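Values in this text are rule-based calculations from the coordinates and carry no lab data. Remember, it's a predicted structure, so these values are computed and weren't measured experimentally. Glycine also receives a Cβ, built like all others from the backbone with ideal geometry; neighbour counts cover every protein chain displayed.
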Number of protein chains: 2
Amino acid sequence: MKYEFLYEAIKEAKLAKAEGEVPVGAVIVKDGKIIASAHNLKEKLKKTSAHAEILAIELAAKNLSNWRLNGCEMYVTLEPCPMCAACICQSRLSKIYIGTFDPVSGACGSVINLMQNEYLKYHTDVEWLYSDECSNILKDFFKIRRV
Amino acid sequence: MKYEFLYEAIKEAKLAKAEGEVPVGAVIVKDGKIIASAHNLKEKLKKTSAHAEILAIELAAKNLSNWRLNGCEMYVTLEPCPMCAACICQSRLSKIYIGTFDPVSGACGSVINLMQNEYLKYHTDVEWLYSDECSNILKDFFKIRRV
């Protein structure tokens with residue numbers, strides 16, 4: 001099921017791309033079912049916090065009527081930035097599955113590690129899915145933007 | 001003017017307290033004027049991201065029609081958590097003034113430092129205002145909750 005859920009996150013990333021946003025998508029799963037899907041809308045919403053992960057967390061919390069997302073797992077196409085990584089831990093998400101790493105801003109080990117930080121109170125498990133498709137969506141997007 | 005702006009943030013923290021929320025308030029100032037004020041509404045809105053700082057950032061961005069808050073400064077009663085500290089830097093806020101430190105979750109030096117982190121791309125200057133009132137609001141709140 002892992003790659004099926006990741007594929008749903010990739011579909012969200014493609015929606016972001018179609019809207020001219022940096023293509024990142026995320027879904028949140030509870031008891032084997034997707035309870036929230038979102039993609040990056042930072043430029044459209046003019047909101048720093050409108051990353052795919054935070055929008056998905058907000059939607060999941062709304063659907064569960066609870067900001068505590070214990071027992072929920074996130075699938076995200078790109079390694080979360082520091083803001084999103086901290087929000088994921090503080091939301092009590094149990095685990096995140098990451099499609100590809102972000103060498104510039106990744107906060108799950110690539111640049112810093114906020115998911116398993118010994119000084120912080122809340123931790124979330126991480127599993128890397130090493131998806132070429134997740135990596136290529138981003139490479140293609142930035143290649144086109146640089147032309 | 002510093003303490004006048006901090007006082008406005010304290011007024012916001014008191015509004016949070018009146019609503020049963022952890023009492024934290026924030027204001028954002030541009031060109032000597034407050035352009036956004038907010039207080040913590042995490043429980044009421046059932047949103048992990050509804051901290052005073054992020055709500056103030058969202059409001060300032062809305063008022064400026066731009067998520068980039070270069071040239072803006074934030075006054076906040078409590079040292080931001082990792083999520084908010086990262087959002088502050090990623091929003092390009094120039095400087096934050098902090099009322100008191102948070103020894104449990106503070107991400108501006110108390111527990112970790114995301115404001116001036118050599119590995120991260122965006123930095124925001126920090127000035128500590130060491131306000132007894134900011135410290136006491138929180139102490140009183142948690143004292144009452146523990147009774």
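By the count of other C-beta atoms within 10 Å, a proxy for reagent exposure, B:K47, A:K33, A:K95 are ordered fewest to most as A:K33, A:K95, B:K47. Dipole check for the range B:1-137: with +1 at the C-beta of Lys and Arg, -1 at the C-beta of Asp and Glu, and the Cα centre as origin, the magnitude is about 500 Debye.
Distances from A:Y7 to itself in the other copies, using label points 7 Å out along the Cα-Cβ axis, amount to 6.2 nm in increasing order. For the range A:1-141, just say rounded, prolate or oblate: build the C-alpha gyration tensor, square-root its eigenvalues into a ≥ b ≥ c, call rounded for a/c under 1.5, and beyond that prolate if a/b exceeds b/c, oblate if not. Here the range A:1-141 falls in the rounded category. Applied to the range A:88-93, the Karplus parametrisation 6.51 cos²θ - 1.76 cosθ + 1.60 on θ = phi - 60° returns per-residue 3J(HN,Hα) values of 4, 5, 5, 7, 6, 4 Hz, with x for Gly and Pro. Fewest-first ordering of B:C87, B:C134 by other beta carbons within 10 Å of each residue's beta carbon gives B:C134, B:C87.
Projecting the Cα atoms of A:P103, A:Y119, A:C134 onto the dipole axis of the range A:93-134, where Lys and Arg carry +1 and Asp and Glu carry -1 at the beta carbon, places A:Y119 farthest toward the positive end. Karplus-derived 3J(HN,Hα) values for the range B:13-19, using 6.51 cos²θ - 1.76 cosθ + 1.60 with θ = phi - 60°, are 4, 5, 5, 4, 4, 4, 9 Hz; glycine and proline are entered as x. Ordered by the count of other Cβ atoms within 10 Å of each Cβ, fewest first, B:L78, A:L55 give A:L55, B:L78.
Which entries of B:K44/B:K139; A:K121/B:K139; A:K121/B:K33; A:K62/B:K30; A:K62/A:K139 show an alpha-carbon separation above 31 angstrom in the structure shown? Too far apart for the 31 Å limit: A:K121/B:K33; A:K62/B:K30; A:K62/A:K139.
Under 5 Å from the amide H of B:I96 lie the amide H atoms of B:M74, B:D125, B:V126, B:E127, each residue being 5 or more positions distant or on a separate chain, with H modelled from the backbone and absent for Pro and chain starts. Along the axis of the charge dipole computed for the range B:7-89 (Cβ charges of +1 for Lys and Arg, -1 for Asp and Glu, origin at the Cα centre), the listed residues B:G71, B:A16, B:C81 are led at the positive end by B:A16. Using θ = phi - 60° in the Karplus curve 6.51 cos²θ - 1.76 cosθ + 1.60, the 3J(HN,Hα) couplings for the range A:75-85 round to 10, 9, 6, 10, 3, x, 6, x, 4, 6, 4 Hz; x is entered for Gly and Pro.
In this structure the amide hydrogen of A:Y122, modeled in the peptide plane, comes within under 5 Å of no amide hydrogen from residues 5 or more places off or on another chain. Count neighbours as other Cβ atoms within 10 Å of each site's Cβ, and list the GluC sites (Glu not before Pro) in the range B:63-147 that are DSSP loop with at most 13 such neighbours. Hits after loop and neighbour filter: B:E118.
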